[in-house]
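Here the structure is laid out as structure tokens; the discussion comes afterwards.
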Amino acid sequence: MANISYPFGNVDAQTPAYAATITATISEAVTIITPATLTGALTLNLTISSEVKAGARILFVALSDGTARTTTFGTGFTSPTLAGVISKTKTIEFVYDGTTFKATSAGVQID
């Protein structure tokens, strides 16, 4: 099977260790950010490459530990806070408008 990258290019899958504040660097058209299990509240900030074009996407996937954990989307985002659920995974997608990544919908619990 061919390795087809058009129209999206490479997918950058990031799995940062949990920290109260994480900064992700965005340099591809599609980025998946899956931090380690949230053991406290999280603030996610972005450093966005000047080469990232409008229409780029981020899929954020977060698993809360035995406490419902919240994620605040800081620098580089226009989004409400994502409220976690005890021992459950939530996802949310963002689309870049040339200035910030904007949430396309409310977070969704997937398990």
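Among the residues of region 28-44, write down those that are open to solvent by 30 Å² or more (accessible area, probe 1.4 Å), within 21 Å of residue 103 (Cβ to Cβ) and of a type outside the set (Asp, Glu).
Start the filter on region 28-44 by keeping residues that are open to solvent by 30 Å² or more (accessible area, probe 1.4 Å), which leaves 28-29, 32, 34, 36-37, 39, 41, 43.
Filter again for within 21 Å of residue 103 (Cβ to Cβ), leaving 28-29, 32, 34, 41, 43.
Selection gives 29, 32, 34, 41, 43.
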I need a count of the residues in region 55-75 that are surrounded by fewer than 22 Cβ atoms within 10 Å (Cβ to Cβ) and among the basic types (Lys, Arg). 1
Being at pLDDT below 95 and under 22 Å from residue 11 (Cβ atoms) narrows 103, 36, 29, 54 down to just 29
Among the residues of region 32-65, what is the count of those that are under 20 Å from residue 81 (Cβ atoms) and hydroxyl-bearing (Ser, Thr, Tyr)? 5
Mind checking which pairs have a first residue in region 82-100 that is acidic (Asp, Glu) and a second that is open to solvent by 50 Å² or more (accessible area, probe 1.4 Å), Cβ under 6 Å, 6 or more apart or different chains? 93/59; 93/104; 97/54
For region 22-31, enumerate the residues that are under 13 Å from the mean Cα position of the chain (by Cα) and either among the hydroxyl-bearing types (Ser, Thr, Tyr) or within 16 Å of residue 82 (Cα to Cα) (or both). 22, 23, 25, 31
Restricting region 76-111 to residues that are hydroxyl-bearing (Ser, Thr, Tyr) and surrounded by 14 or more Cβ atoms within 10 Å (Cβ to Cβ), the one farthest from residue 42 (Cα to Cα) turns out to be 96
Residue that is nearest to residue 83 (Cα to Cα), among those in region 6-19 that are open to solvent by less than 60 Å² (accessible area, probe 1.4 Å) and either outside any strand (DSSP E or B) or in contact with a Leu (Cβ under 7 Å, 6 or more places away or on another chain) (or both): 19
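The values are calculated or read from the model by the stated rules, or taken from the named source; none is laboratory data. Keep in mind that this is a model prediction, so the values were computed, not measured. In this analysis, Cβ positions are derived from the backbone assuming ideal geometry, glycine residues included, and neighbour counts consider all displayed protein chains. Each accessible area value is taken on the protein alone, full model and side chains, heavy atoms only, with ligands, DNA and RNA left out. Shrake-Rupley method; radii C 1.70, N 1.55, O 1.52, S 1.80 Å.
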